[in-house]
Structure formats: C-alpha cells, structure tokens
Amino acid sequence: MTIFQLLFPIVRDKTSRINLGNDPCTQALEQGQGSYSLQRWYWNAASQQCISFAYRGLKGTQNNFLTQQDCERTCHGNQLFNLYGYTSSI
C-alpha cells in the first residue's frame, strides 16, 4: 500500500468506477424477479450501511452482494466530504 492510498483510502479500489451510473453503491435496491428468496446485501446510501434483503433470483441492480463483507468492502467509505461537511457519493 502506498502513502497515497493510506492518505486517500476512498481512491483505493474506486479508480475503475468513474461513471457513477455503473457504481453499484449508488444504484437503487431492486429485489429482482423470480420465485427464490436468497439472502443478499445492498448498500443503503442514506444510512451509510449494508442491509440484508431477499433477492428473488433474476435481474435487479448491481447493488446486490453475496455477503455483508463484500458490500462493506465495496461501498463503505465511498463518500467525499466537501469543505462544508456535506457528503457526496463518488
């Protein structure tokens, strides 16, 4: 890990996701379609945490993680603070 990554951890692992439309952490929760009820995790931007939901098996968004750890590793710290203290998703 470089000094840059230590000082700016939000940049780490986020550089490949420049288009916010492709960022799973900014996508809405969709349970998908189908008859299954599979436990999955999604990032709730309002509460800044990963929350469990029942995935129906087909379709949905990329905001759909197999484990809470995967969700947190991908999305936690995915915020920028501006000079006024407001957050903005990256």
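Couple of notes before you dig in:
- Evaluation of GLN69 against (1) modelled with pLDDT of 95 or more; (2) surrounded by 14 or more Cβ atoms within 10 Å (Cβ to Cβ) (one fails), failing number: (2)
- Applying the set (1) part of a loop (DSSP other than H, G, I, E, B); (2) modelled with pLDDT under 80; (3) out of contact with any Gly (no Cβ under 9 Å at 6 or more places or on another chain) to GLN5 leaves exactly one unmet item: (1).
- Which listed residue is out of contact with any strand residue (DSSP E or B) (no Cβ under 6 Å at 6 or more places or on another chain), at pLDDT 55 or above and surrounded by 13 or more Cβ atoms within 10 Å (Cβ to Cβ), from GLY34, GLY60: GLY60
The values are calculated or read from the model by the stated rules, or taken from the named source; none is laboratory data. Note that this is a predicted model, so its numbers are computed, not measured. Backbone-built Cβ (ideal geometry, glycine too); neighbour counts: all protein chains shown.
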